[in-house]
Amino acid sequence: MENKNRDITEPDEMIPNSANLCDTVRVRVERSYISKDEIGNVNDTLLFDVSPEMCPNDNVNNANWTNISREEISSDLLEADRKCSSKDLNEVLTELKLGKFHVIMLLLTGGGYFAACSEILVFVFLSKPAKKEWNLQEYEYPWLPFFSGIAGILGGYVFGTLSDRYGRQIPFIVSIGICCVFGLGSAFAPSFALLIAIRSMVSLGVGGLEAVDFVLLLEFLPPLHRGSMMVAVTFFGALGAILTGGLAWLIIPTWGWRWFVGASAIPSIIIFILRLFIRYESPRYLFSSGKKQEGMKVLKIIAIKNKTNLTNVEIKCETSQNKGHICDLMSTGLRGRTITMTLVWCLQSMGYWGTTIYLPEYLDSLGVDSYFNMFTILIGELPGLVLAMILIEKHMLGRIKCLRFFSLGTSIALLLFAFLPLDFLKAVVVVVCYFFMVPIYSILNAFTPEIYPTRIRSTAMGWANIVIEIPGLITPFVGAVLLSSKIKWLYPVVWSVNFFLQFLCSFGFRVDTAGENLIGQSGASQPENHSKKIETNIGELHPANM
């Protein structure tokens, strides 16, 4: 309630029907004096939720009381204000419920991941036409995914740490902007070397987008809906992959690869334009940064769009100045989960890209229409994601058991793919492989940011992006060796073993986060001298010029 030496004439806009706690009524008090200890006049505006018996002369609806002193306002007013409950930000988000605002954020972040996945898979379909246009040797083409992977590592690190230090929305906008500019520009590459350079810039943007996208949505969500909503983002990503597969099937044989690359950049252009006009910062980031007024404004917007009430409570949140340091991931209390997370992500990336990069050529060697079959494979991801959306929640398998289920399923499906005798059966079973394989990304994208505190949440996702890019530096070369082998079953068996190892590593995770509150600033390892708790009373002081 302290507000010394401020000159404030207008309160922030109040939310209709927001004062419904403790049977109180919202009144506005413009005061010039409230404490005998203050020297001189203090001009400011207070918003109080008070019961009628506390108000002088029964003027509870008077919205313009002036020169009210402590003697004229019952001392019980402040006491009543203190007695109103205080709640954690997770509880407030739960009370605001899942609604229209969250649908908007899902469309924006899901659209971002749609664009990212559309761009990621482009080079999978460029292998054959690029080799043909520039007469590339067998081991020259892997340099494209190699340098793209290095750029993705840089993008994940830079944008992840910037997001934890300066907010989520600006890194999101910049990264999607990079994707759309260079994604479109790569269609005009005159040489393979320039194609590598321009597509590497696309990967820089994709790396940044993956580090920020999931965290931005996560920090708006009520705990009970986080799992399904985060899987829904990956569902958008699968649609982006399907779009790329469909465009490759329809465009490359007829119009050529340049039209295909240009068309694949359209989703990122659309999302970039939308994000320029629809910009919401994470309330959790704002409160944890001490920007409580900005955080309150975001909560008000959520309440209005969801048509819910923002009750008179104190919002408890911790602030920290120690943000975005990647070395904190290996600090005491976080080291174990970071090592396990790193291994699981690494094996996921190695297995997915090891299976996918040369799959079109592998299917060609079996006499199957590779472009059409890749399109059907990508469609096969969707039922798996729907199943993951159901199983990931607390009342079903939860995060960890769901991860184990899909890892083991992928390993078994790849073994069947290796040893089934008929080629058309292989074409069917490979769809089952992706049914199990792709949802693992959705589970990890939901689980990873949940196990880290707010101050390094995007940094953790940036680290995950670094981890998944590292295998991409070597799997193209490994895949080329496996593809050239005369042992046809060797290619899928190697990656089947990879996913079984991922299944074993998942037992390193100890605590499931399904339905639980997000970790605050301190987490397991936050030093006390770096953080302090702030409490924001929604019904207390709303200055216009703070």
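Computed values, structure above
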quantity: Cβ-based net charge around residue 111, under 10 Å, with every Lys or Arg adding one and every Asp or Glu removing one; calculated: 0
quantity: Residue 270/residue 103 FRET efficiency (R0 22 Å; Cβ-Cβ; nearest 0.05); calculated: 0.80
quantity: Sequence ranges 220-233, 329-342, 433-446, ranked by mean other-Cβ count within 10 angstrom, highest first; calculated: 433-446, 220-233, 329-342
quantity: Options 129, 192, 156, ranked by Cα towards positive dipole end of segment 77-202, top entry (Cβ charges); calculated: 129
quantity: Accessible solvent surface per residue of segment 415-469, calculated while the other protein chains remain in place, 1.4 angstrom probe, Å²; calculated: 25
quantity: Nearest-20 debye value, segment 112-229 charge dipole, Cβ charges on Lys, Arg, Asp, Glu; calculated: 80
quantity: Charge context of residue 169, other residues only, Cβ under 15 angstrom, K/R +1, D/E -1; calculated: +3
quantity: Length released on extending from residue 489 to residue 301, taking residue separation times 0.36 nm less the Cα-Cα span; calculated: 62.1 nm
quantity: Additional length obtainable on full extension of the chain from residue 194 to residue 95, 0.36 nm per residue less Cα span; calculated: 30.4 nm
quantity: In order through segment 228-242: 3J(HN,Hα) via Karplus (6.51 cos²θ - 1.76 cosθ + 1.60), integer Hz, x for Gly, Pro; calculated: 5, 5, 5, 5, 4, 4, 5, 4, 4, x, 5, 5, x, 5, 5
quantity: Neighbourhood net charge (15 Å Cβ-Cβ; Lys/Arg +1, Asp/Glu -1) for residue 269; calculated: 0
quantity: Extended-chain gain in nm, criterion 0.36 nm per residue less alpha-carbon gap, residue 131 and residue 166; calculated: 8.3 nm
quantity: Alpha-carbon radius of gyration plus Dmax, which is the widest Cα pair, for segment 182-275 in Å; calculated: 15.8, 51
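The values are calculated or read from the model by the stated rules, or taken from the named source; none is laboratory data. The shown structure was predicted, so the numbers you read here are calculated from the model rather than taken from an experiment. Glycine also receives a Cβ, built like all others from the backbone with ideal geometry; neighbour counts cover every protein chain displayed. Surface accessibility is based on the protein's heavy atoms, side chains included, excluding ligands, DNA and RNA. Shrake-Rupley method; radii C 1.70, N 1.55, O 1.52, S 1.80 Å.
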